[in-house]
1. Under 8 Å between Cβ atoms, which residue pairs at least 6 apart in sequence (or on different chains) link something in region 60-86 that is farther than 18 Å from Gly102 by Cα with a partner that is open to solvent by less than 50 Å² (accessible area, probe 1.4 Å)?
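The values are calculated or read from the model by the stated rules, or taken from the named source; none is laboratory data. Please read all numbers here as calculations on a predicted model, not as lab measurements. Cβ placement follows ideal geometry from the backbone for every residue including glycine, while neighbour counts extend to all protein chains displayed. Each accessible area value is taken on the protein alone, full model and side chains, heavy atoms only, with ligands, DNA and RNA left out. Shrake-Rupley method; radii C 1.70, N 1.55, O 1.52, S 1.80 Å.
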Amino acid sequence: MGTGGRPVVDFFRPLGGGSGNSGASFPPLMEATELCGFDERESSSEEQGDGKLFFDGLVDAARGFLLIANALAILNEERFLAPRGWSFSEVTSGGRAKTLKGQLIGLIYATQYLRVPLIILNAIIILVKLVSG
C-alpha cells in the first residue's frame, strides 16, 4: 500500500505474474490526478479559506503595481521621454494637461518624484519575501 491507503502500481511488472496473460489480474487504474501528484485536498477552498485566496490575489496585484511604478520611475526625460514628445514642459506649455497623454506624463512624473518611498517599499517587499519564502 502506498501513501494514504492507495495501492502502489508497478508499471514495469509483467501482467499476470510473468508468463502469458492467462488469468491475468490487471493493476488498478490510477486517476490522472494521482499520476500527476495532484491531491484534491490541497486545493480545496474549505481548507485554505476564501479569504486567504483573496488576500494572495491582492498581494500579487500590489506587487504588479509596484513593478509598474518602478518601471515608470526609472524613465529618463532627456534620453527617453523628450525625443518622443513626452516631456513635462511640452504638456504644461500647450495646455494639454487634461488629455490622456497629459495624464500619463503626470503619472510618470509623480512616480519619479516619489522615488524614495518606492525604494523603501521595495526594501520592505524584499525583506518580507526573504522571511516568508
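1. From region 60-86, the pairs are Leu66/Leu118; Leu66/Asn122; Asn70/Leu118; Asn70/Asn122.
Conditions (1) open to solvent by less than 60 Å² (accessible area, probe 1.4 Å); (2) in contact with a helix residue (DSSP H, G or I) (Cβ under 6 Å, 6 or more places away or on another chain); (3) of a type in the set (S, T, N, Q); (4) in a helix (DSSP H, G or I), marked per residue:
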| residue | (1), (2), (3), (4) |
| --- | --- |
| Leu53 | no, no, no, yes |
| Gly64 | yes, no, no, yes |
| Asn70 | yes, no, yes, yes |
| Arg79 | no, no, no, yes |
| Trp86 | no, yes, no, no |
| Glu90 | no, no, no, yes |
| Lys98 | no, no, no, no |
| Lys101 | no, no, no, yes |
